[in-house]
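Chemist: Before I ask anything, let me first share the structure, which is written out below as structure tokens.
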There are 2 protein chains.
Amino acid sequence: MLESKAPDVHYVGMASLTEFNLAETVAVLTRTPATLNALLRGLPSIWVRGTEGEDTWSAFEIMGHLVFAERSDWMPRVRIVLENGEARTFEPFDRFAQLKESQDKSLEQLLDDFARLRRENLAALHALNLHQDDLTRRGKHPALGVVTLSELLATWAVHDLTHLHQLSRLMAHQYRGLVGPWSAYLGVLQCAGHSAP
Amino acid sequence: MLESKAPDVHYVGMASLTEFNLAETVAVLTRTPATLNALLRGLPSIWVRGTEGEDTWSAFEIMGHLVFAERSDWMPRVRIVLENGEARTFEPFDRFAQLKESQDKSLEQLLDDFARLRRENLAALHALNLHQDDLTRRGKHPALGVVTLSELLATWAVHDLTHLHQLSRLMAHQYRGLVGPWSAYLGVLQCAGHSAP
């Protein structure tokens, strides 16, 4: 998740037929730790340490980022919305903190940390016993302006998917030179990368 | 995987520092069934049946495609390379076969089928006891022309990653209208889709 580009104006979510549903959101959030564990644990280092080039992340760094976000971003912001509303702007999120914090850990430790923190956060979310009315409560993002609780929760789930998307792309990148003429058929090799990183 | 666009000429894989390594390739292929199982099993239907619009696939259709490829594409082509070389062109791969084959199955049956077929295929691959010399053996693709065994095996792994990339993108698409101003920060929402579908 970038925290540097600010749109000029605040805008309301695009028209959509999808309504926010907390159970559907939690269904994704619940599955991410096991998905990443199945994908990454025990992989040879080409897949864990490989990047997409200078100033891009490896699988290891993505896991560090997810652990840091789990500790510092999502549930603290949920609590600020519920307790302070727009009166207290969220702390800016440091997207590079994990580069210092996780450097002495193994990938396996990061996978374990992420699974534990996510489990604790979902238990804490459940304990809040949110009602439909709560989902429209507003908070203030330091760059994006006014956001709602449902937007924050939907973003938590899509943030998981953004990093799964990035992981599959960066892993595929390691084999870019090995697939021969099939590269024309493999969509993931045409993905130029979207967020930084 | 598209099988319709043919480049005008056969070209050799781009220069790369990565050497093909069978164990590293198998490490990815081995993990895909559990990854998809952790991601998809038991998800609410918005995530399983949602698509990215007309003529695009749902998670259900992607799983059907992966099952069909596992049965009809990868190992049959490996055997053709080893037994016939360039003398026998691969069968064209029907990317839409699964739309008929899997329509009466559940997502859970497709996940089970995929895990079983992948396990059988990796056992069969292991039993071939491939040597370094075998990896440069050549086969003939109906659209792409001459390909090598190592290119076929690398493509098998990157094909898994292409569909993981597609899955994360199509799931995120379901929440496109719910994340509010955060959409600017979520890379997966900027991915326009690459292969068809």
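The values are calculated or read from the model by the stated rules, or taken from the named source; none is laboratory data. A quick note: this is a predicted structure, and the numbers were derived from the prediction, not measured. FYI the Cβ positions are ideal-geometry reconstructions off the backbone, even for glycines, and counts take in every protein chain you see. Heavy atoms of the whole protein, side chains included, go into the accessibility calculation; ligands, DNA and RNA do not. Shrake-Rupley method; radii C 1.70, N 1.55, O 1.52, S 1.80 Å.
Chemist: Rounded, prolate or oblate: pick one for the stretch B:60-100, where a ≥ b ≥ c are the square roots of the eigenvalues of its C-alpha gyration tensor, a/c under 1.5 means rounded, and failing that, prolate if a/b is larger than b/c, else oblate.
Modeler: The shape class here is prolate.
Chemist: Given a 10 angstrom Cα cut-off, can you work out which residue in B:Gly85, B:Gly177, B:Gly145 is the most mobile in a GNM of chain B?
Modeler: B:Gly177
Chemist: Let me ask another. Sum up the lysine pairs in the protein assembly as shown that clear both bars: alpha-carbon distance under 25 Å and a spacing of 8 or more or different chains.
Modeler: The result is 4.
Chemist: Shortest first and in nm with one decimal, please list how far the A:Arg41 label point sits from its counterparts in the other copies (point 7 Å along Cα→Cβ).
Modeler: Its label point is 1.4 nm from the equivalent points in the other copies.
Chemist: Just to be sure I follow the definition: excluding the sites themselves, where is the longest run in chain A that has none of the GluC sites (Glu not before Pro) in a DSSP loop with at most 12 other Cβ atoms within 10 Å?
Modeler: So the longest stretch without any such site is A:55-197.
Chemist: Calculate how steeply helix B:59-72 sits against the longest principal axis of the alpha-carbon atoms of chain B, using the helix alpha-carbon long axis, and give the answer as 0 to 90 degrees to the nearest 10.
Modeler: 10
Chemist: Still on this structure: Quick one: Karplus J couplings for the stretch A:79-91, per residue in order, coefficients 6.51, -1.76, 1.60, θ = phi - 60°, nearest Hz, x for Gly and Pro?
Modeler: Result, ordered by residue: 5, 4, 4, 6, 8, 10, x, 6, 5, 10, 5, 4, 4 Hz.
Chemist: Normalised by the number of residues in the stretch B:67-197, what is the relative contact order in percent for Cα pairs under 8 Å and 6+ residues apart?
Modeler: Values: 90 pairs, mean separation 35.9, N = 131.
For the stretch B:67-197, the relative contact order is 27 percent.
Chemist: For the stretch A:65-186, I need the span (max minus min coordinate) of the C-alpha atoms along each principal axis, in Å, sorted largest to smallest.
Modeler: Rounded to whole Å, the extents work out to 55, 34, 26 Å.
Chemist: Nearest 100 Å² is fine: how much accessible area is buried between A and B, summed over both sides, with a 1.4 Å probe?
Modeler: By this definition, chains A and B bury close to 6100 Å².
Chemist: Distance between the C-alpha centers of the stretch A:138-155 and the stretch B:83-135? Whole Å please.
Modeler: First find each Cα centre; the distance between them is then 45 Å.
Chemist: Of B:Thr89, B:Thr35, B:Thr25, which has the largest mean-square fluctuation in a 10 Å C-alpha GNM of chain B?
Modeler: Result for chain B, Cα springs under 10 Å: B:Thr35 fluctuates most.
Chemist: Classify the protein assembly as shown: rounded, prolate or oblate, from the alpha-carbon gyration tensor (a ≥ b ≥ c, eigenvalue square roots; a/c under 1.5 rounded; otherwise prolate if a/b is larger than b/c)?
Modeler: Working: a/c = 2.07, a/b = 1.81, b/c = 1.14.
Taking the square roots of the gyration eigenvalues as a ≥ b ≥ c, the protein assembly as shown is prolate.
Chemist: At A:Ala123, with labels set 7 Å past Cα in the Cβ direction, how many nm apart are the copies from this one, shortest first?
Modeler: So the distances to the same position in the other copies read 4.0 nm.
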